[in-house]
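**Student:** Starting off with a structure, shown below.
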Amino acid sequence: MQIFISNPRGWEVKMPGKDVVSSFARKAKKTGILAVAHMPYLPNLASADKETHGKSVSSLVKNIEACNALGIRYLITHMGSHLGMGKEIGMKNILDAMEEVSGSIGRVCILLENQAGHRNSIGAMVEDLRHIYEKSSLGESHLGFCLDTCHLFAAGYDISRADVLEGIDKTLGLGKVHALHLNDAMFPLGSGRDRHSNIGKGEIGIEGFRTLLNYDGISSKVLILETPEGEWRKGELEALRKAAGR
């Protein structure tokens, strides 16, 4: 399951106390549930504004420290927006952020999440993710990827086609992709709009997820639903398992 360490729409990160840490570890062991964490939405690692960038790095460090305390391996983060300053500057700011948090990384692996392609965002193209990975000094133990299916589709990647998946695999290497957000897309291919739909109710469709889930190596990843709540959501896991042949 995916959790937030703190308020996803705030800056403050409160470190978990000893009682929370012990309770979390006990319940994780008892249930066998693997938890991954997601960064809050306000931090912008690509920002050229010194104050915003500094606060964003600080938030990332605190989330990393909390994940280490709780024994959470994966921390998913958006890369942010260059806010009109250009992709090259945004990329440099993200790389600077990765360097700044390297001393706090511990056992955590940061997963860079792809974006839908909205204005000034970084990470809509899988080549952007690969660039950050190759230029960062964190290494494969501490840096990887989380792919969101809605974002991929919105950015122009038709994941219902095996050849498109092969292209993504060739660029990123699925061994570096540790998690996927399974979300259908409300708008057509290449829309650039990040609007999730329930599995089988959007533009990707159940056949698209069938292709994805049967692509070699995908079923072993951490798979997380971020779809809208409602009556249909009760049947989404069953639909996905059926599509995967389980």
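**Student:** Would you call Leu45 of a type outside the set (Gly, Ala, Ser) and closer than 17 Å to Leu112 by Cα?
**Tutor:** So Leu45 fits the description; yes.
**Student:** Something else: Please specify each residue of the range 72-94 satisfying the condition of being surrounded by fewer than 22 Cβ atoms within 10 Å (Cβ to Cβ) and assigned to a strand (DSSP E or B). Quick ask: steps written out before the conclusion?
**Tutor:** From the range 72-94, those surrounded by fewer than 22 Cβ atoms within 10 Å (Cβ to Cβ) are 73-74, 81, 83-89, 91-92; that's our starting set.
Of everything in the range 72-94, those that are surrounded by fewer than 22 Cβ atoms within 10 Å (Cβ to Cβ) and assigned to a strand (DSSP E or B) turn out to be Tyr74, Ser81.
**Student:** Six or more apart or on different chains, Cβ under 6 Å: which pairs go from a residue in the range 43-71 that's assigned by TED's automatic domain parsing to the domain that holds Ser102 to one that's assigned to a helix (DSSP H, G or I) and aromatic (Phe, Trp, Tyr)? Could you list them?
**Tutor:** Cβ pairs passing all conditions: Leu70/Phe24.
**Student:** Applying the selection to the range 3-62, what residues are in contact with a helix residue (DSSP H, G or I) (Cβ under 7 Å, 6 or more places away or on another chain), more than 23 Å from Lys221 (Cβ to Cβ) and outside any helix (DSSP H, G or I)?
**Tutor:** Trp11, Val13, Met15, Pro16, Pro40, Pro43, Asn44, Leu45, Ala46, Ser47, Ala48
**Student:** Another question, then. Looking at (1) closer than 23 Å to Glu140 by Cα; (2) surrounded by 21 or more Cβ atoms within 10 Å (Cβ to Cβ); (3) out of contact with any His (no Cβ under 6 Å at 6 or more places or on another chain); (4) of a type outside the set (Lys, Arg), which one does Ala69 not meet, given that it meets all the others?
**Tutor:** Failed condition: (2).
**Student:** Filter the range 167-191 down to residues that are small (Gly, Ala, Ser) and touching a Lys or Arg at 6+ places or on another chain (Cβ under 8 Å) and give me whichever is nearest to Glu140 (Cα to Cα). I'd like the intermediate steps shown before the answer.
**Tutor:** Here is the first cut: in the range 167-191, the ones small (Gly, Ala, Ser) are 167, 173, 175, 179, 185, 190-191.
Still in the running and touching a Lys or Arg at 6+ places or on another chain (Cβ under 8 Å): 179, 185.
Values: Ala179: 14, Ala185: 30 Å.
This residue is Ala179.
**Student:** Testing Asp216 on (1) acidic (Asp, Glu); (2) within 30 Å of Gly103 (Cα to Cα); (3) not assigned by TED's automatic domain parsing to the domain that holds Ile64, one condition comes back false. Which one is that?
**Tutor:** Looking at each condition in turn, Asp216 falls short on (2).
**Student:** From (1) in a helix (DSSP H, G or I); (2) among the aliphatic types (A, V, I, L, M); (3) at pLDDT 95 or above, pick out the condition that doesn't hold for Ile224.
**Tutor:** (1)
**Student:** Return yes when Tyr157 is under 16 Å from the mean Cα position of the chain (by Cα), crowded, with 19+ Cβ neighbours inside 10 Å and not aliphatic (A, V, I, L, M) and no when it is not.
**Tutor:** Here the answer is no, as Tyr157 does not meet what is asked.
**Student:** Leu182: under 28 Å from Glu65 (Cα atoms) and touching a residue at least 12 places away in the same chain (Cβ under 8 Å), yes or no? Can you show your working first?
**Tutor:** Values: under 28 Å from Glu65 (Cα atoms): yes; touching a residue at least 12 places away in the same chain (Cβ under 8 Å): yes.
Against the criterion (under 28 Å from Glu65 (Cα atoms) and touching a residue at least 12 places away in the same chain (Cβ under 8 Å)), Leu182 qualifies.
The values are calculated or read from the model by the stated rules, or taken from the named source; none is laboratory data. Only a predicted model underlies this, so the values are computations on that prediction, with no experimental measurement involved. Every residue, glycine as well, gets a Cβ built from its backbone with ideal geometry; the counts of neighbours run over all protein chains shown.
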